[in-house]
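Notes to accompany the following structure.
The values are calculated or read from the model by the stated rules, or taken from the named source; none is laboratory data. No experiment lies behind these values; they were computed from the predicted model shown. Every residue, glycine as well, gets a Cβ built from its backbone with ideal geometry; the counts of neighbours run over all protein chains shown. Side chains included, ligands, DNA and RNA excluded: accessible areas come from the protein's heavy atoms. Shrake-Rupley method; radii C 1.70, N 1.55, O 1.52, S 1.80 Å.
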Amino acid sequence: MKTKPLGRTGLQVSELCFGTMSFGGDADEATSASMYKATRDAGINFYDCADEYNKGRSEEILGRLIKGHRENVVLATKCHNPVSEDVNARGTSRRYVSRAVEASLKRLQTDRIEVLFLHRFDSRTPIDEAMRALEDMVRSGKVLYPAVSNWSAWQAQRAVDLQERSNWARLQLLQPMYNLVKRQAEVEILPMAEANGIGVIPYSPAGAGLLSGKYSGAAGRENAGRLKANKMYEARYGEPWMFEVAEKFVAFCKQKGLHPVSAAIAWVGAHPAITAPIIGARNLEQLQDSLNSVRIEMTPALRAEITALSRTPPPATDRLEEIRPPK
């Protein structure tokens with residue numbers, strides 16, 4: 001497992017980040033422990049969590065698993081989404097962020113969190129107030145590096161500008177969605193991150209299983225597992241053209257002798273702006289295909305072939321003729 005710089009922090013993190021959303025949910029504590037051991041054995045030192053995952057159980061399990069070698073892992077967690085019925089137990093206000101961090105520290109059984117993500121953009125809280133909340137946590141020593149997830153490029157750039165003007169700790173990481181059928185991040189988020197020296201750890205590199213091959217063909221689409229059972233995934237990956245791209249991708253991988261999950265993750269990781277794709281799994285068998293992604297030599301030529309299977313999003317100016325010259 002290779003390592004990469006984490007933004008401008010000076011830290012080195014594994015080229016894959018393991019997301020622990022399944023801990024305490026789809027994966028019980030024993031399965032979580034076996035997956036954690038497998039990721040450590042593979043060389044992963046970077047773990048992503050969130051306070052809302054399985055009502056805090058994910059953080060609790062992760063906290064128990066890192067005992068005895070806390071200094072060898074880099075922890076990231078998130079706050080913003082509701083964790084109770086209290087109207088103020090959500091968002092990015094200074095009041096809530098401070099309380100969320102304290103709660104996460106207790107569940108993780110640690111004295112600090114390396115990376116704290118604001119999980120969503122909070123339209124009720126001004127960006128300068130949210131960035132001050134992060135700055136408070138950095139000054140307290142409870143958080144080392146500020147980060148945001150699911151923010152647009154303009155929102156993140158506005159945050160960086162405010163931080164630099166105020167001499168506050170600046171954003172070091174972004175966490176957008178990015179995969180072969182969700183490429184909007186290429187338009188502005190990834191270029192903005194590169195321009196600012198901000199690291200990127202995208203989630204859903206295999207498209208919630210869409211790119212795994214198990215939903216290929218008419219029967220596969222009809223039994224599209226959690227893509228239909230989960231309304232969020234159904235809305236995110238329900239368009240017919242996405243299934244068409246997935247089928248072409250799976251056929252391409254079969255021709256090349258590649259596992260589609262491994263190839264999908266390797267494709268994401270090969271983008272120059274990406275620090276580490278976030279992989280996740282419900283069991284050891286699923287996990288192995290993701291870990292194997294680092295064995296694929298994703299050359300520029302191979303990446304270009306895979307990219308051509310999908311739709312290229314229009315540029316920010318929407319001047320399609322600039323990327324698709326008339327024949």
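Brief remarks follow.
- Residue within segment 119-127 that is modelled with pLDDT of 95 or more, closer than 26 Å to Leu16 by Cβ and hydrophobic (A, V, I, L, M, F, W, C) present: no
- Whenever a residue of segment 75-86 is over 17 Å from Thr125 (Cα atoms), its partners that are open to solvent by 50 Å² or more (accessible area, probe 1.4 Å) and in a loop (DSSP other than H, G, I, E, B), lying with C-beta atoms within less than 9 angstrom and at least six residues away or across chains, give the pairs Val83/Glu52; Val83/Arg90; Ser84/Arg90.
- Count of residues meeting criterion [over 17 Å from Cys17 (Cα atoms) and in a helix (DSSP H, G or I)] in segment 268-321: 11
- Which numbered condition Met232 misses (of (1) modelled with pLDDT of 95 or more; (2) surrounded by fewer than 22 Cβ atoms within 10 Å (Cβ to Cβ); (3) among the aliphatic types (A, V, I, L, M)): (1)
- Of the residues making up segment 36-64, those that are surrounded by 20 or more Cβ atoms within 10 Å (Cβ to Cβ) and among the hydrophobic types (A, V, I, L, M, F, W, C) are Ile44, Phe46, Cys49, Ala50, Ile61, Leu62.
- Lone qualifier among Ala246, Ala264, Ala281 - being over 16 Å from the mean Cα position of the chain (by Cα), buried (at least 21 other Cβ atoms within 10 Å of the Cβ) and small (Gly, Ala, Ser): Ala246
- Matching residues, segment 198-210, being assigned to a loop (DSSP other than H, G, I, E, B) and either open to solvent by 30 Å² or more (accessible area, probe 1.4 Å) or in contact with a helix residue (DSSP H, G or I) (Cβ under 9 Å, 6 or more places away or on another chain) (or both): Ile198, Pro202, Ser204, Pro205, Ala206
- Condition check for Gly10 on (1) among the small types (Gly, Ala, Ser); (2) more than 30 Å from Ala195 (Cα to Cα); (3) surrounded by fewer than 17 Cβ atoms within 10 Å (Cβ to Cβ): one failure, at (2).
- Inclusion of Glu15 among residues that are in contact (Cβ under 8 Å) with a residue 40 or more places away in the chain, farther than 27 Å from Lys2 by Cβ and touching a strand residue (DSSP E or B) at 6+ places or on another chain (Cβ under 7 Å) is not warranted.
- Qualifying positions in segment 41-69 - of a type in the set (Phe, Trp, Tyr) and part of a helix (DSSP H, G or I): Tyr53
- Cβ separations smaller than 8 Å between residues 6+ apart or across chains give the following pairs from segment 52-71 residues that are touching a residue at least 60 places away in the same chain (Cβ under 8 Å) to residues that are β-branched (Val, Ile, Thr): Glu52/Val83.
- Among the candidates Leu180, Leu134, residue that is under 19 Å from His119 (Cα atoms) and of a type outside the set (S, T, N, Q): Leu134
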